[in-house]
1. Taking Cα atoms of region 541-652, Rg/Rh with Kirkwood Rh, to two decimals?
2. Whole percent per 10 Å bin, from 0 to the bin with the longest distance: what is P(r) over all C-alpha pairs of region 29-105?
3. Can you give the relative contact order of region 29-105 as a percent, counting alpha carbon pairs under 8 Å and 6+ residues apart?
4. How big is the gap, in Å, between the Cα center of region 117-169 and the Cα center of region 221-242?
5. Largest first, please: the extent of the C-alpha atoms of region 387-426 along each principal axis, to the nearest Å.
6. Enter the per residue convex hull volume of region 418-539, computed from alpha-carbon coordinates, in Å³ rounded to the nearest integer.
7. Kindly write out, for region 9-22 in residue order, the coupling ³J(HN,Hα) from the Karplus curve 6.51 cos²θ - 1.76 cosθ + 1.60 (θ = phi - 60°), rounded to whole Hz, with x marking Gly and Pro.
8. Using the per-residue mean of other Cβ atoms lying within 10 Å as a proxy for protection, in what order, highest first, do the peptides 387-393, 586-592, 297-303 fall?
Amino acid sequence: MALEVLPEESNRCVRGCCRSATIPLDLRSASFSLLAPIARGSESTVYEALLGGERAAAKKPVLSTAEDLDKFHYQLQLLCKLDHPGLAKLIAAHAHPPAYLMFFDFFEPPNLAEKIHVEEWIPSIQQVVTMASDLAKALQYLQILGVVHRDIKPANILLDKDLHPYLADFGLAMFQKDIKRVSVENWKSSGKPTGGFHKKNMVGTLIYMAPEILRKDIHTEKSDVYSFAISINELLTGVVPYTDLRAEAQAHTVLEMTYTEQQLTAAIVSQGLRPALALPESGAPPTLLSLIQRCWDPDPEKRPSFEDIIDELNIVQKHIVSNASVPSSPVSKTQNGTIEVHHYQEALNWFNQGELFVKGSSRSDLKNLWSDCFDQSSEYHPTLSWGSFATCGRRETMEDTHFVLPHVSEENDVFAFGIFDGHRGSAAAEFSVRAVPGFLKQFGQGASPTDALSEAFVRTDIAFREELILHRKSKRIIQKDWHPGCTAITALIVRNKLFVANAGDCRAILSRKGKPFLLTKDHVASCPNERERVTKAGTEVKWQIDTWRVGSAALQVTRSIGDDDLKPAVTAQPEVIETALSADDEFLVMASDGLWDVVSNQDVLSIIKDTVKEPGMCSKRLATEAAERGSKDNITVIVVFLRPVSTAERIY
């Protein structure tokens, strides 16, 4: 990227406090253009931009006070001093009024948090250790410079196409010498939360914050060590800290189930509560688990330095490599000395099987999807933020899956969200969560949103049932009379229009003018119209135990993906509703029946209105309420806010 850099004495910000010999700080307006926003926050908006003809990420701060402007110049001074391959690099700035901007290298989504929780990526132990080592080296570099990041978490770790991590978002970073001790007197809210805590002298995200920070002590590099450990454990477990819902009696279940934020803070500080450590069964070496535990020790002085962490990770890495070089044998000796040959059956990965059917869809074909259905007469443009939460609840296994797809097309106004509630096993739900969004993209070019949604459901059903037949013949499936299925719901937001497709008993509602607006109806055998339709298709519906049920499988739902023994009566054809969004619409809630069985539509709205307005937290709160009310099913919830909301909430 060829950008002119003035001599250092003249390459400076408007105040003259920020200088650089390599980073242009006074860009000409003609050298850059802002494209669509990538992310919005209360303190800044990040745009995709063109800088010198190449893609970049442009961060535009909200500057409403002199203090905000001071913070911009402080951050710019700090970023000008950073140059490390493990950090998201500042490449230019416009540090003059009226447009204050910082430009960074552009990274395609997802970030690490999205990779773990949206794409449900399960890294190998080798990948975890390599990533941890790379991050530790970047943090050691900051430590040498005397910089404390103060907001280390997976959401602030960007990934390149080879999954190399880059630590980003230095909005809260400070030089250690500038960090002052927090006192009760200056414990005041700045009114600008950034997704977690944002007090005048205490910042960060609660679940990653070290005990000393929660006690209002000073933030040091050892506080970054603590946050690093929480993040690496999250990478190992795939679980958001403190949201583990294991069935074992000894496993703790916190935050969403029994703790308010105040109680969680007290438990971390006073009781030494930590996220559930990755289990040895995950394949994590005991030395790695021990390192994580020492990194989150309650006493900062007992935590290792990043130099020590790097040394220990190098040893762990060598052991992993040496163990991998020893070939495993399918032959072993039994206790009596005889030779035992182990016969392995390949485990089917239904997530991958679903993805294989839609490999043909190309990002290059995803421009201008459904642009003709935009309501050009409406000036309303919803601003979306979303979050999700899923738990197996009282069940031993998890059969729900879900997806959040904020990048359906190269346009930034098309979003998709989906939930799949499996029954008779999780195979159909795992297959569908990859296949439905893939087919949706494929059909988006030539069909309306309604038709594309319907076709995606039907094609996924056909593909899954064909895959079952194929694997039964190849004997990769040995279960007899196994006919897995899943209910499905998918919401598609195309600028100011909402389309919801439903097959089964998942449900979606809008909060419209403060009241629940139902977007789906339950497809169950107790519904006379559905019961009549199934009967006409030649499948028996009879009263069993407590309700009407379909066929010998005694299924309650009358529409689903899979359930090949009940086709065609139990159809995968969804019902699709379309509605125009307006300023009257506050948020969308989608959930599996584990929520709706015990929580009414009106209660859902009331609970969200009584919860901090962060969609992920609202999702967890709803799932918590369902579990506390005795839901016996898996519970998956997606909450999508349709207009900007404040996340401010006092903790003390």
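Read-outs throughout are calculated quantities, based only on the coordinates presented, and are distinct from any laboratory measurement. None of the values given here were measured: they were computed from a predicted structure. Cβ sites come from the backbone with ideal geometry, for glycine too, and all protein chains shown count toward neighbours.
1. In region 541-652, Rg relative to Rh is 1.07.
2. 18, 52, 29, 1
3. On the way: 116 pairs, mean separation 18.2, N = 77.
Value for region 29-105: 24 percent.
4. 11 Å
5. 40, 20, 8
6. Working: hull volume 17.1 nm³, N = 122.
About 140 Å³ per residue, rounded to a whole number.
7. 5, 10, 8, 8, 6, 5, 7, x, 8, 10, 9, 7, 8, 10
8. Values: 387-393: 22.3, 586-592: 26.6, 297-303: 14.9.
Descending mean neighbour count gives 586-592, 387-393, 297-303.
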